[in-house]
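The values are calculated or read from the model by the stated rules, or taken from the named source; none is laboratory data. Computed from a predicted model, the values in this text were never measured in an experiment. Cβ placement follows ideal geometry from the backbone for every residue including glycine, while neighbour counts extend to all protein chains displayed. Quick note on the areas: whole protein, heavy atoms, side chains included, nothing else; ligands and nucleic acids left out. Shrake-Rupley method; radii C 1.70, N 1.55, O 1.52, S 1.80 Å.
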Amino acid sequence: GSEEAILHRAMDLERGAGRFYTALRDRFQPQPWAESLAALAGAEESHARLIYSHWAAQVSEPPPFAQLYDALAGDIVEGGYSCEALLTMLAQQIEPTCPMVLEMALTVEYAAYDLSRHLAHRFAESPLAAVFNSIAEAEKQHMHLGAQALALCMED
């Protein structure tokens, strides 16, 4: 699609990942490793804000970020996974384990990294390359955060 449509969809994917991590955090709140999920949810909104700044420059009379972000469906996370399907998969487990939850988060983060790198290459001749490269680097940090949280599973 157009650059504008791609940026809008990218914000929607960030919203989906944020919804996913928020739902996981809410479900596993008392666990010490659940705080890493809260950090990931906040990071997804930060990515959406960065993308929004470029999207808004291309749109006449863009709505404020919060209004747009809240209106996004966020039903798909990076990698094309359905947010609801991932949550349902966990709900069907008798007792989801810490490694199971965090490995799912790592899968989402790896897909986000891969997608961001792909978009950076697609927009190689555009200022958007730097945006998507920046997000890809952040996704690597998120994978590191998820991997560190796996160590907390032993305390569970």
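Things worth noting here:
- With respect to the conditions (1) open to solvent by 50 Å² or more (accessible area, probe 1.4 Å); (2) under 19 Å from Gly16 (Cβ atoms); (3) outside any helix (DSSP H, G or I), Glu103 falls short on a single one, namely (3).
- Looking only at residues in the range 51-64 that are touching an Asp or Glu at 6+ places or on another chain (Cβ under 9 Å), assigned to a helix (DSSP H, G or I) and not β-branched (Val, Ile, Thr), the one that is modelled with the highest pLDDT is Trp55.
- Residue in the range 118-138 that is touching a helix residue (DSSP H, G or I) at 6+ places or on another chain (Cβ under 6 Å), surrounded by 19 or more Cβ atoms within 10 Å (Cβ to Cβ), in contact (Cβ under 8 Å) with a residue 60 or more places away in the chain and within 16 Å of Gly18 (Cβ to Cβ) present: yes
- Of the residues making up the range 139-156, those that are open to solvent by less than 60 Å² (accessible area, probe 1.4 Å) and either of a type in the set (S, T, N, Q) or closer than 24 Å to Cys83 by Cα (or both) are Glu139, His142, Met143, Leu145, Gly146, Ala147, Ala149, Leu150, Cys153.
- Looking only at residues of the range 77-88 that are outside any strand (DSSP E or B) and farther than 18 Å from Ala5 by Cα, we find that the one that is nearest to the chain's Cα centre (by Cα) is Cys83.
- Tally of residues being at pLDDT 90 or above and open to solvent by less than 70 Å² (accessible area, probe 1.4 Å) across the range 76-89: 8
- Among (1) within 23 Å of Leu115 (Cβ to Cβ); (2) open to solvent by 40 Å² or more (accessible area, probe 1.4 Å); (3) not aliphatic (A, V, I, L, M) - the single one Tyr52 does not satisfy: (2)
- The listed residues are Gly74, Gly42, and the only one of them that is part of a loop (DSSP other than H, G, I, E, B) and either closer than 21 Å to Val131 by Cα or of a type in the set (Lys, Arg) (or both) turns out to be Gly74.
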